[in-house]
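Chemist: A single structure is presented below for examination.
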Number of protein chains: 2
Amino acid sequence: MRNGFPRPPRPVSASAPASGSGAGSRTTLLVLDAEPLPRLGRLTGRVRIEHADESTLAERLPRADVLLVWDFTSHAVRRAWPGEGPRPRWVHTASAGVDHLMCPELAASDTVVTNARGIFDRPIAEYVAALVLAMAKDLPRTWDLQRQREWRHRESQRVAGTRACVVGSGPIGRTIVKTLKALEVTTALVGRTARTGIHGPEELDRLMARADWVVSAAPLTEATYGMFDARRFGMMQPSARFINVGRGQLVVEEALAEALSKRWIAGAALDVFQDEPLGPDSPLWGVPGLIVSPHMSGDTVGWRDELGAQFVEMYERWEAGRPLPNVVDKKRGYVPGH
Amino acid sequence: MRNGFPRPPRPVSASAPASGSGAGSRTTLLVLDAEPLPRLGRLTGRVRIEHADESTLAERLPRADVLLVWDFTSHAVRRAWPGEGPRPRWVHTASAGVDHLMCPELAASDTVVTNARGIFDRPIAEYVAALVLAMAKDLPRTWDLQRQREWRHRESQRVAGTRACVVGSGPIGRTIVKTLKALEVTTALVGRTARTGIHGPEELDRLMARADWVVSAAPLTEATYGMFDARRFGMMQPSARFINVGRGQLVVEEALAEALSKRWIAGAALDVFQDEPLGPDSPLWGVPGLIVSPHMSGDTVGWRDELGAQFVEMYERWEAGRPLPNVVDKKRGYVPGH
């Protein structure tokens, strides 16, 4: 129960105060948000909801029991997280990646961090399938020729029987594999540690070198930062394509641009970038053979509602003292796998 | 056995002369072709191969045992087919559709007609999946925005759970259904006659009216000519998209253009047209929401070799007196289904 601040650090646990009901005992839920706001319908009146933006987060964080990071583009949590003193017992981010909020202080604390695991799997997998098929069928060129009113028949590629190397063995990577397999693509999944059906990182180079499609869906961690670099693009087949739906920082963008310009590889698609949004002056817009999309691979109609509903459901578990799903391993920077 | 012309009509059968070997007894294979020529490697030396184009076909047809219609864009067979007298006993077309060669005289004759059933199924199904996913994920707009160097996030559509109505229950339509099902699309297949897993034409209107995707993969026959008209586009959902990979004449193009302009439907993709190639002055290039591609959905790298190999294999069966596969029902205008 809380009704003032500052206050001494509490014994931190992932469950709500035992006396979670009653007027004076309401939990304070702080939402770091940008428009549009999440729909938290069922929680209205049950929870004291406060809002913060980048400028007010540091001030409001100490009096919050729960922080909902709705604006996943913001790095404000990392900057505002208190090294000591009162702090939320639970932080939920409405995103799959947690790189935008993790910092040593949060990792060291006993605050529980959860993510939106599950919401984006299928949309992102479909998006990857859309890019694979669009590139195989030469659709970007078809659009160019249509604009020029030019009938030019080309041969396209059969997707069935090609090989994909999917990097990132979380639910998104696994759903990508499942979707590509349904299109009769031969797949290899690479994760942080080898286990049944998943190759370890030591096999990445070998698998990349024989892949027609290399798909990056890894979490951004110290181990994965800049992993797709000149050396790795250099080892891919000249006919191969690279797709990144993970995080922009997984890719050395200059190396990818050079690999495409020099035709080390045949094409690429980036949905995520080191700096988002990409400014109009970015050279990436014009790199030959590169498809640029605005970080939208997981965002199908209704995604905000789904994220809101997921949080409400998790909140009710937390309030009831039941264990939370999607708990992030804060040292590793992702939810450990199955 | 033949070594001269003209000659009296033979008793026509689908099998080769019994004395098919020996120098004087060689079969004459006439190829109606445009560049590039098919690779008929194994037949070299075993068969007398002649070539014809549109201007020489009528003259050369009577002395041919077998006609290979390699140039499937030509309607020359229809014009040149002899009403009487000697004629090939077997006509094979390197295409799925036979509309370009069927005529009353050929239908009435006992010449066997076969098609390239099987070669295009998987490529066309992948092409349809590419279009479905590209439209769901708004890829054409992504390309436009990239050219304008504009970062504009949009919500896209989830494909899983949408409904497709596929018209045409031959191997191409069935493979489209299989591929869309693999993407978790709910599918309905409509054929000329209702049977297990296939709806009859009387159900088409009802199924089209509730579909998110209407895919045309029917053969062109008298019954299907112009079947996608203003009435049918008017009954589709405003959010629905139409895809034609069958034949251009299945669609009333003006009606589709109007349906798109008036937003009766959300989008369309045509790979086939009433007049091919589409001239630069065609209004279709500029219809809003219409994707135009140059009759390439089935043509993956190596398709010509596959068509050539398929014909060589069929020729060897024919030469050995074994029954031919892919025999077209000349009254119906397609290979009857399974």
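The values are calculated or read from the model by the stated rules, or taken from the named source; none is laboratory data. All of these numbers come straight from a predicted model, not from anything done at the bench. Cβ: placed from backbone, ideal geometry, glycine included. Neighbour counts: every protein chain shown. Side chains are part of the model used for accessible areas, which takes the heavy atoms of the whole protein and leaves out ligands, DNA and RNA. Shrake-Rupley method; radii C 1.70, N 1.55, O 1.52, S 1.80 Å.
Chemist: In this structure, does residue A:109 turn out to be over 14 Å from residue B:133 (Cα atoms), polar (S, T, N, Q), crowded, with 21+ Cβ neighbours inside 10 Å and not assigned by TED's automatic domain parsing to the domain that holds residue A:65?
Modeler: For residue A:109, the condition - over 14 Å from residue B:133 (Cα atoms), polar (S, T, N, Q), crowded, with 21+ Cβ neighbours inside 10 Å and not assigned by TED's automatic domain parsing to the domain that holds residue A:65 - is not met.
Chemist: Condition first: within 19 Å of residue B:114 (Cβ to Cβ) and out of contact with any Asp or Glu (no Cβ under 9 Å at 6 or more places or on another chain). Now tell me which residues in the stretch B:56-77 satisfy that.
Modeler: B:57, B:61, B:65, B:66, B:67, B:72, B:77
Chemist: Right, something else. Being open to solvent by less than 50 Å² (accessible area, probe 1.4 Å), hydrophobic (A, V, I, L, M, F, W, C), touching a Ser or Thr at 6+ places or on another chain (Cβ under 8 Å) and not assigned by TED's automatic domain parsing to the domain that holds residue B:208, is that true of even one residue in the stretch B:325-332?
Modeler: Yes; the residues of the stretch B:325-332 include at least one that is open to solvent by less than 50 Å² (accessible area, probe 1.4 Å), hydrophobic (A, V, I, L, M, F, W, C), touching a Ser or Thr at 6+ places or on another chain (Cβ under 8 Å) and not assigned by TED's automatic domain parsing to the domain that holds residue B:208.
Chemist: If the Cβ limit is 6 Å and pairs must be 6+ apart or interchain, which residue in the stretch B:293-318 that is under 30 Å from residue A:147 (Cβ atoms) and touching a residue at least 12 places away in the same chain (Cβ under 8 Å) pairs with which residue that is in a helix (DSSP H, G or I) and open to solvent by less than 50 Å² (accessible area, probe 1.4 Å)?
Modeler: B:293/A:142; B:297/B:124; B:297/B:127; B:298/B:123; B:298/B:124; B:300/B:123
Chemist: Before we move on, is residue B:263 open to solvent by 20 Å² or more (accessible area, probe 1.4 Å), without any contact (Cβ under 8 Å) to a residue 60 or more places away in the chain and either in a loop (DSSP other than H, G, I, E, B) or touching a helix residue (DSSP H, G or I) at 6+ places or on another chain (Cβ under 6 Å) (or both)?
Modeler: When the stated conditions are applied, residue B:263 passes them.
Chemist: Inspect all residues belonging to the stretch A:297-311 and state whether any of them is open to solvent by 10 Å² or more (accessible area, probe 1.4 Å), within 23 Å of residue A:102 (Cα to Cα) and more than 14 Å from chain B (Cβ to nearest Cβ).
Modeler: Within the stretch A:297-311 (the criterion being open to solvent by 10 Å² or more (accessible area, probe 1.4 Å), within 23 Å of residue A:102 (Cα to Cα) and more than 14 Å from chain B (Cβ to nearest Cβ)), the answer is yes, since at least one residue qualifies.
Chemist: Considering only residues that are open to solvent by 30 Å² or more (accessible area, probe 1.4 Å) and of a type outside the set (S, T, N, Q), which ones fall in the stretch B:53-70?
Modeler: Correct list: B:53, B:54, B:58, B:59, B:60, B:62, B:63.
Chemist: Looking at residue B:217, is it within 24 Å of residue B:170 (Cα to Cα), modelled with pLDDT of 95 or more and either more than 14 Å from chain A (Cβ to nearest Cβ) or open to solvent by less than 30 Å² (accessible area, probe 1.4 Å) (or both)?
Modeler: It is true that residue B:217 is within 24 Å of residue B:170 (Cα to Cα), modelled with pLDDT of 95 or more and either more than 14 Å from chain A (Cβ to nearest Cβ) or open to solvent by less than 30 Å² (accessible area, probe 1.4 Å) (or both).
Chemist: A further question follows. Within the stretch B:75-123, can you find the residues that are among the aliphatic types (A, V, I, L, M) and either within 14 Å of chain A (Cβ to nearest Cβ) or more than 14 Å from residue B:58 (Cβ to Cβ) (or both)?
Modeler: B:91, B:94, B:96, B:98, B:102, B:107, B:108, B:112, B:113, B:116, B:119
Chemist: Give just the number: which of (1) more than 14 Å from chain A (Cβ to nearest Cβ); (2) out of contact with any strand residue (DSSP E or B) (no Cβ under 8 Å at 6 or more places or on another chain) does residue B:246 not satisfy?
Modeler: (2)
Chemist: Is it the case, given these coordinates, that residue B:256 is open to solvent by less than 50 Å² (accessible area, probe 1.4 Å) and farther than 24 Å from residue B:169 by Cα?
Modeler: Against the criterion (open to solvent by less than 50 Å² (accessible area, probe 1.4 Å) and farther than 24 Å from residue B:169 by Cα), residue B:256 does not qualify.
Chemist: Something else: Within the stretch A:58-106, track down each residue that is hydroxyl-bearing (Ser, Thr, Tyr) and in a strand (DSSP E or B). Write out each step before concluding.
Modeler: Narrowing the stretch A:58-106 to residues hydroxyl-bearing (Ser, Thr, Tyr): A:73-74, A:93, A:95.
Once the filter is applied, which keeps residues that are hydroxyl-bearing (Ser, Thr, Tyr) and in a strand (DSSP E or B), the stretch A:58-106 yields only A:93.
Chemist: Given the options A:74, A:109, name the one that is small (Gly, Ala, Ser), within 28 Å of residue A:272 (Cα to Cα) and modelled with pLDDT under 95.
Modeler: After ruling out the rest, the residue left standing is A:74.
Chemist: Okay, moving on. Counting only residues that are part of a helix (DSSP H, G or I) and open to solvent by 10 Å² or more (accessible area, probe 1.4 Å), how many does the stretch B:113-134 have?
Modeler: Qualifying residue count for the region: 3.
Chemist: I need the full set of residues from the stretch A:135-189 which are of a type in the set (Val, Ile, Thr), part of a loop (DSSP other than H, G, I, E, B) and within 7 Å of chain B (Cβ to nearest Cβ), in order please. Before the answer, list the steps.
Modeler: Going residue by residue through the stretch A:135-189, those that are of a type in the set (Val, Ile, Thr) are A:142, A:159, A:162, A:166-167, A:172, A:175-177, A:179, A:185-187.
Next, from what is left, pick out any that are part of a loop (DSSP other than H, G, I, E, B): A:159, A:162, A:185.
Passing the criteria: only A:159.
Chemist: Scan (1) under 29 Å from residue B:104 (Cα atoms); (2) surrounded by fewer than 16 Cβ atoms within 10 Å (Cβ to Cβ); (3) within 14 Å of another protein chain (Cβ to nearest Cβ) for the single condition residue B:239 breaks and write down its number.
Modeler: Residue B:239 satisfies all of (1) under 29 Å from residue B:104 (Cα atoms); (2) surrounded by fewer than 16 Cβ atoms within 10 Å (Cβ to Cβ); (3) within 14 Å of another protein chain (Cβ to nearest Cβ) except (1).
Chemist: A further question follows. Check A:167, A:159, A:98 and return the single one that is within 24 Å of residue A:270 (Cα to Cα) and either surrounded by fewer than 24 Cβ atoms within 10 Å (Cβ to Cβ) or over 23 Å from the mean Cα position of the chain (by Cα) (or both).
Modeler: A:159
Chemist: Answer yes or no: is there a residue in the stretch B:249-267 that is out of contact with any Leu (no Cβ under 7 Å at 6 or more places or on another chain), of a type in the set (Phe, Trp, Tyr) and away from chain A (no Cβ under 14 Å).
Modeler: yes
Chemist: Pick from B:211, B:223: which is assigned to a loop (DSSP other than H, G, I, E, B), away from every other protein chain (no Cβ under 12 Å) and open to solvent by 50 Å² or more (accessible area, probe 1.4 Å)?
Modeler: Within the list B:211, B:223, the selection yields B:223.
Chemist: May I pose another question? In a helix (DSSP H, G or I) and in the same structural domain as residue A:231 (by TED's automatic domain parsing): which single residue out of A:255, A:268, A:309 fits that description?
Modeler: Just a single option satisfies the conditions, and that option is A:255.
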